[in-house]
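The values are calculated or read from the model by the stated rules, or taken from the named source; none is laboratory data. The shown structure was predicted, so the numbers you read here are calculated from the model rather than taken from an experiment. Quick reminder, even Gly has a Cβ in these numbers, built from the backbone with ideal geometry, and neighbours come from all protein chains shown.
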Amino acid sequence: MPVCDITVVPGGVEDSYAAVDAVIETIAQSGLAYEVGAMSTSVEGDLDALFDLARRAHLRAFDVGAGSVLTTLRIHDSREREPTIQDKTRGRRGGG
């Protein structure tokens, strides 16, 4: 299953942390597996779900008052082996 890394940066808001929290809430409500990091959120899902979620997360920042939004999306997909969030973070945590 593809893994997506999404960063949504709201501009023109008094409290950017509150706007980012609203975006994370949108991601959480998606039902997809996700992990919040310091600078982005990783999400697992099929491509259609990931692209739809990126669109909804981007628009959510406007919904909470952002005047501009910069969204960065990176997707890792493989036909050889399905990547997972755990595969991508295991080495950093000293695991297996």
Have a look at Ala28, Ala19, Ala33 and point out the one that is among the hydrophobic types (A, V, I, L, M, F, W, C) and buried (at least 16 other Cβ atoms within 10 Å of the Cβ). Ala19
Is it fair to say Val20 is over 16 Å from Met1 (Cα atoms) and β-branched (Val, Ile, Thr)? yes
Could you say whether any residue in the stretch 17-30 is modelled with pLDDT under 95 and of a type in the set (D, E, K, R)? no
Any hit, the stretch 51-69, residues being in a strand (DSSP E or B), surrounded by fewer than 19 Cβ atoms within 10 Å (Cβ to Cβ) and among the hydrophobic types (A, V, I, L, M, F, W, C): no
So, in the stretch 1-35, how many residues would count as being over 13 Å from Arg56 (Cα atoms), outside any loop (DSSP other than H, G, I, E, B) and touching a Ser or Thr at 6+ places or on another chain (Cβ under 8 Å)? 8
Does Ser42 satisfy the criteria of being of a type outside the set (Val, Ile, Thr), modelled with pLDDT of 95 or more, in contact with a strand residue (DSSP E or B) (Cβ under 6 Å, 6 or more places away or on another chain) and buried (at least 17 other Cβ atoms within 10 Å of the Cβ)? yes
Single match in Leu47, Leu73 (criterion: farther than 27 Å from Glu14 by Cβ, touching an Asp or Glu at 6+ places or on another chain (Cβ under 8 Å) and in contact (Cβ under 8 Å) with a residue 12 or more places away in the chain): Leu47
